[in-house]
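*Asks:* One structure follows; several queries about it will come next.
The values are calculated or read from the model by the stated rules, or taken from the named source; none is laboratory data. Predicted model only: the values in this text are computed from it and were never measured. All Cβ positions, even for glycine, are placed from backbone atoms using ideal geometry, and neighbour counts span all protein chains on display.
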Amino acid sequence: MATTEPIRNKQQVQALTNYYLRRGELRNHCLVVLGVHTALRVSDLLRLKWDDVYDFAHNCVREGLSVAEKKTGKTKIVALNKNARRALTLYARQAAKPGGFLIENTGTGKALSRIQAYRLIREAAEDLMLGARISCHSLRKTFGYHAWKGGVSPTVIMEIFNHSSFEVTKRYLGVTQDDKNAAYMCLDFSA
């Protein structure tokens, strides 16, 4: 079985985050944007309710959320950056309802299933020719890869992912030989 990969190219990440927006499918757009901007597992994204991300008393998207991770049972505090908040604000205009699932299976009142989320990500990946190794988990790995490339300490990324070992985090980051070569080439101690 092939390993799920992060999307390493920023333009491809942008194309993926805009894929469903261009089609006017705001729920799917929100799923993808939150996936790459929160590092939450798809199982945790699909369990989110509108009340987790939207303040109905003040009619606005929250600045962050607290989620109990399904896999680890640990509570995680996630800051929502401007991209996540923008996607949520757009989507809230048509779908926000107290007590409802954020990523709802249309008309059922239930959360979208993991297999349907997978199909949505695969459809976009195939249409954008991102490769066969892109899946829901790629969104989480993409967050880690670009955070690392942007200078975030791997130790902080390990904490965000709630990994028990750095070895797991290293695999998530998808470090390639090109990344290693760039590290060798960037150092220059000459005067």
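Let's see how each residue does on (1) charged (D, E, K, R); (2) more than 14 Å from the chain's Cα centre (by Cα); (3) modelled with pLDDT under 95; (4) within 15 Å of VAL42 (Cα to Cα):
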position: HIS58; (1), (2), (3), (4): no, yes, no, no
position: PRO98; (1), (2), (3), (4): no, yes, no, no
position: THR108; (1), (2), (3), (4): no, yes, yes, no
position: ALA117; (1), (2), (3), (4): no, no, no, yes
position: ALA124; (1), (2), (3), (4): no, yes, no, no
position: THR142; (1), (2), (3), (4): no, no, no, yes
position: MET158; (1), (2), (3), (4): no, yes, yes, no
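*Asks:* What pairs come out if I take residues in region 125-138 that are outside any helix (DSSP H, G or I) and pair them with residues that are loosely packed, with under 13 Cβ neighbours inside 10 Å whose C-beta lies under 8 Å away, six or more apart or interchain?
*Replies:* Correct list of pairs: ALA132/ALA2; ARG133/ALA2; ARG133/THR3.
*Asks:* A further question follows. How many residues are over 12 Å from ALA39 (Cα atoms) and without any contact (Cβ under 8 Å) to a residue 12 or more places away in the chain if we restrict to region 150-162? Step through it out loud before you land on a result.
*Replies:* Residues of region 150-162 that are over 12 Å from ALA39 (Cα atoms), as a first pass: 150-156.
Next cut, without any contact (Cβ under 8 Å) to a residue 12 or more places away in the chain only: 150-153, 155-156.
Qualifying residue count, region 150-162: 6.
*Asks:* Here's another thing I want to ask about it. Any residue in region 101-110 that is polar (S, T, N, Q) and closer than 21 Å to ILE157 by Cα?
*Replies:* no
*Asks:* Then there is this: Residues that are of a type in the set (A, V, I, L, M): find the helices (runs of 4 or more DSSP H) completely inside region 1-98 holding 2 or more of those.
*Replies:* Details: elements: 10-22, 26-38, 42-47, 50-53, 82-95.
Answer list for region 1-98: 10-22, 26-38, 42-47, 82-95.
*Asks:* Considering only region 158-191, state which residues are surrounded by 11 or more Cβ atoms within 10 Å (Cβ to Cβ) and of a type in the set (A, V, I, L, M, F, W, C).
*Replies:* MET158, ILE160, PHE161, PHE166, VAL168, LEU173, VAL175, ALA182
*Asks:* Pick out the one residue from LYS70, LYS76 that is over 14 Å from the mean Cα position of the chain (by Cα), among the charged types (D, E, K, R), modelled with pLDDT under 95 and surrounded by fewer than 16 Cβ atoms within 10 Å (Cβ to Cβ). Break it down into steps so the answer makes sense when it comes.
*Replies:* Working: LYS76 fails: surrounded by fewer than 16 Cβ atoms within 10 Å (Cβ to Cβ).
Of the residues listed, the single one that is over 14 Å from the mean Cα position of the chain (by Cα), among the charged types (D, E, K, R), modelled with pLDDT under 95 and surrounded by fewer than 16 Cβ atoms within 10 Å (Cβ to Cβ) is LYS70.
*Asks:* If you take the residues of region 158-191 that are of a type in the set (A, V, I, L, M) and not in a loop (DSSP other than H, G, I, E, B), which of them is farthest from GLU5 (Cα to Cα)? Quick ask: steps written out before the conclusion?
*Replies:* To start, the set of residues in region 158-191 that are of a type in the set (A, V, I, L, M) comprises 158, 160, 168, 173, 175, 182-183, 185, 187, 191.
Still in the running and not in a loop (DSSP other than H, G, I, E, B): 158, 160, 168, 173, 182-183, 185.
Working: MET158: 17, ILE160: 18, VAL168: 14, LEU173: 9, ALA182: 20, ALA183: 21, MET185: 25 Å.
So the residue we want is MET185.
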